[in-house]
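Quick notes on the structure that follows.
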Amino acid sequence: MEKIEIREKCKQCGGTGLLFGDRDIQRGAAVVCDDCKGTGCYHFEYFYEKFTKRKLPGKGIKRVYPARVGIIIGSGEKVTLEDFGGIPVEEWNGGCVFPFGSEDRKHVCPKW
């Protein structure tokens with residue numbers, strides 16, 4: 001697991017640790033900044049796993065499509081997965097790019 005850690009001047013309070021009232025009724029009043037908890041320093045930590053290579057898709061995946069087109073893709077009595085374009089998952093795993101005509105031309109505009 002890798003970690004990115006940043007300590008920076010809090011953007012919310014400008015590094016004061018306090019948020020000041022800006023209405024006439026609130027003049028002279030301040031509250032502790034929610035982002036930095038009053039320290040003036042915003043602390044950010046992000047944990048991630050280094051990317052080494054793309055994982056293989058799950059066992060149930062048979063076909064891959066270049067984009068979501070706003071319809072549900074599936075097979076049934078009257079349609080097959082091939083009716084929606086795409087390429088077999090084996091070609092996708094092999095690094096194949098989507099050839100011309102692999103878009104879903106039956107159901108949506110190919111330019112979309």
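The values are calculated or read from the model by the stated rules, or taken from the named source; none is laboratory data. Fair warning: this is a prediction, and the values are worked out from it, not measured in the lab. All Cβ positions, glycine included, derive from the backbone under ideal geometry; neighbour counts span all protein chains shown.
Here is how the numbers come out for the structure above:
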read-out: In the stretch 39-85, the residues that are within 19 Å of residue 95 (Cβ to Cβ), touching a strand residue (DSSP E or B) at 6+ places or on another chain (Cβ under 7 Å) and hydrophobic (A, V, I, L, M, F, W, C); value: 64
read-out: Hey, residue 41 touching a Phe, Trp or Tyr at 6+ places or on another chain (Cβ under 7 Å), outside the structural domain of residue 105 (by TED's automatic domain parsing) and more than 21 Å from residue 101 (Cβ to Cβ) or not; value: no
read-out: Qualifying residue in the stretch 88-108 (condition: touching a Ser or Thr at 6+ places or on another chain (Cβ under 6 Å) and farther than 26 Å from residue 53 by Cβ); value: no
read-out: Only one of 59, 37, 55, 3 that is among the basic types (Lys, Arg) and surrounded by 10 or more Cβ atoms within 10 Å (Cβ to Cβ); value: 37
read-out: Candidate set from the stretch 85-100 (those that are of a type in the set (A, V, I, L, M, F, W, C) and more than 17 Å from residue 60 (Cα to Cα)); member that is modelled with the highest pLDDT; value: 98
read-out: Residue check for residue 35: in a loop (DSSP other than H, G, I, E, B) and not small (Gly, Ala, Ser); value: yes
read-out: Qualifying residue in the stretch 77-89 (condition: surrounded by 10 or more Cβ atoms within 10 Å (Cβ to Cβ), in a loop (DSSP other than H, G, I, E, B) and either of a type in the set (S, T, N, Q) or touching a residue at least 40 places away in the same chain (Cβ under 8 Å) (or both)); value: yes
